[in-house]
Amino acid sequence: MKQKKGFTLIELIIVVAIIALLAAATFVAVNPAKRIGDSQNAQRWADVTAIADAWSTYVADNSGSLPTTTNPNVTTLGYQTYMVATSTWASPNLPYNTCAASTTAPTNGGSIVLKNLVDGGYIGKINTDPTYVAATHLDDTRYYLYYSSTGSVTVGACTTYNSAVIKVTR
């Protein structure tokens, strides 16, 4: 008697089930949501570090003078927390309260535009948080800046993945 070559239906079902189990295990192990969140946090770290480094370099290059702001509501920097804005227009009432838990300063200084850091070549541009889409006429970045009485500056991210604390002090 001649035997036919090939797989039985049971063998095929078992192989498909094993492949499905391996694919599911790989998908769970890779966890794309975590990878996306981690990459967004990496971008936040890069952004706040760049702003803090640009601030420090500007202060060092200008004999301790602080970068000026183009916000007419902020003429001098007090020891307050400011929302970092991206352009020459800034609202004095950016949504600071959603960022308050991330800050070390108890007071709201409104928003601050660090355009002269960009114009002076200290930073290419002021980036926004990777998950934040600004509303019309608000150029909030979802980053904050706190200038302390000791002369140090802390720049941090308001929004993070997995409640990570992202802030840099210079």
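Please enumerate the residues belonging to the range 101-121 that are on the phi > 0 side of the Ramachandran plot and either modelled with pLDDT under 70 or crowded, with 19+ Cβ neighbours inside 10 Å (or both). Spell out the reasoning first.
Looking only at the range 101-121, we keep the residues that are on the phi > 0 side of the Ramachandran plot, and these are 110, 121.
Selection gives GLY110 alone.
When you check VAL84 against the structure, is it in a helix (DSSP H, G or I), modelled with pLDDT of 70 or more, surrounded by 16 or more Cβ atoms within 10 Å (Cβ to Cβ) and of a type in the set (A, V, I, L, M), yes or no?
Numbers: in a helix (DSSP H, G or I): no; modelled with pLDDT of 70 or more: yes; surrounded by 16 or more Cβ atoms within 10 Å (Cβ to Cβ): yes; of a type in the set (A, V, I, L, M): yes.
No.
Among the residues that make up the range 31-42, is at least one of them within 16 Å of ALA157 (Cα to Cα), at pLDDT below 75 and part of a helix (DSSP H, G or I)? Let's see the steps before the verdict.
The initial filter retains those residues of the range 31-42 that are within 16 Å of ALA157 (Cα to Cα), namely 37-42.
Imposing the further condition that a residue be at pLDDT below 75 reduces the set to none.
Checked against the condition, which is being within 16 Å of ALA157 (Cα to Cα), at pLDDT below 75 and part of a helix (DSSP H, G or I), the range 31-42 yields no hits at all.
Within the range 138-170, can you find the residues that are touching a Gly at 6+ places or on another chain (Cβ under 9 Å) and closer than 14 Å to THR86 by Cβ?
Matches in the range 138-170: TYR143, TYR144, LEU145.
Determine, yes or no, whether TYR58 is at pLDDT below 85 and crowded, with 18+ Cβ neighbours inside 10 Å. Write out each step before concluding.
Working: at pLDDT below 85: no; crowded, with 18+ Cβ neighbours inside 10 Å: yes.
Criteria not met by TYR58.
The values are calculated or read from the model by the stated rules, or taken from the named source; none is laboratory data. Only a predicted model underlies this, so the values are computations on that prediction, with no experimental measurement involved. Heads up, the Cβs are rebuilt from the backbone with ideal geometry, glycines too, and the neighbour counts pull from every protein chain shown.
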